[in-house]
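First up is the structure itself, then whatever we jot down about it.
Read the figures in this text as sums done on the coordinates, not as results from a lab. Since the model is a prediction, treat every value here as computed from it, not as a measurement. Virtual Cβ from ideal backbone geometry, glycine too; neighbours counted across all protein chains shown.
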Amino acid sequence: MIKFNVFGKKMSVVKKDQQWLLFNESDTGMRSRVYDVVIPQDLDIAELATYLDDIFHEYSSDKHPKVVKLD
């Protein structure tokens, strides 16, 4: 599982059966699947942050100007 801060929102990406799955992460550890965003299966891990930035750029703000991969 790869976690990201997507313009202030915690999200995670998991690869299952050669398909990337996107999830919203809650502060309590619950995950909910995001079905309306399809991540191309041929994207490399290094390209995920850029892809999420492109998809969710309208949520950018002064406080959260970019997508950040979390440890």
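Observations on the model:
- Furthest towards positive pole of dipole, Val6, Ser26, Pro65, structure part the stretch 2-69, Cβ charges: Ser26
- Taking a straight line from the alpha carbon of Lys69, these aspartates and glutamates sit under 16 Å away, with near neighbours fewer than eight places off in the same chain left out: Glu25, Asp44, Glu47, Asp53, Asp54.
- Dipole magnitude of the chain about its Cα centre (Cβ charges: Lys, Arg +1; Asp, Glu -1), debye to nearest 20: 300 debye
- Here is how the number arises for the chain: DSSP H runs of 4 or more residues each give -39500 (n - 2.57), the sum is divided by the residue count, and the result at 222 nm is -3500 deg cm²/dmol.
- Relative compactness, the stretch 2-69, computed as alpha-carbon Rg over 2.2 N^0.38 Å: 1.06
- Sequence-separation-based contact order of the chain, relative, with Cα cut under 8 Å and 6+ spacing, percent: 37 percent
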